Amino acid sequence: MSKKSKVLVVVRVNPESLDVNLDEVIRKIREKLPSEFQLIKSEKVYVAFGLYVPRLYIVMPEMYEGGTEKIEEVIKEIPGVSSVDIELVTRTEAFAGE
């Protein structure tokens, strides 16, 4: 059985305002991601002036049609999200075959 390659995508989610519940945004993203995507870690990163943004670590199939576009589409649909930045995409063997 051949192992399928995976990529780790690090995503910064920019909220619309300071009032956005980041835990709720992360929960909704986790629910809406396609089944072949796995949100393995999330953290809140301080930006400035009391603003925190979620940074998400998502594992997805390397050969997924459209690349990271699906991640961006799903996240942008979540209420309270202003924009999405892909910070890093790297191949990983840690999740191959899952």
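Each reported figure results from applying straightforward, stated rules to the coordinates on display, with no laboratory input. Owing to the predicted nature of the structure, the values given are computational and were not obtained by experimental measurement. When we count neighbours, we look across all protein chains shown, and the Cβ atoms used for this are built from the backbone with ideal geometry, even at glycine.
Starting from the Cα of residue 76, step 7 Å along the direction of its Cβ; do the same at residue 24; then give the gap between the two resulting points in nm.
Output for this residue pair reads 2.3 nm.
Can you work out ³J(HN,Hα) from phi for every residue in segment 23-32, in order, using Karplus 6.51 cos²θ - 1.76 cosθ + 1.60 and θ = phi - 60°, giving whole Hz and x for Gly and Pro?
Listing the rounded values in order: 4, 5, 4, 4, 4, 5, 4, 4, 5, 8 Hz.
Under the rule of -39500 (n - 2.57) per DSSP H run of 4 or more residues, summed and divided by the residues of the chain, what mean residue ellipticity at 222 nm is obtained, to the nearest 500 deg cm²/dmol? The partial results should precede the final answer.
Numbers: 2 runs with 19 residues, N = 98.
Rounded to the nearest 500, the figure is -5500 deg cm²/dmol.
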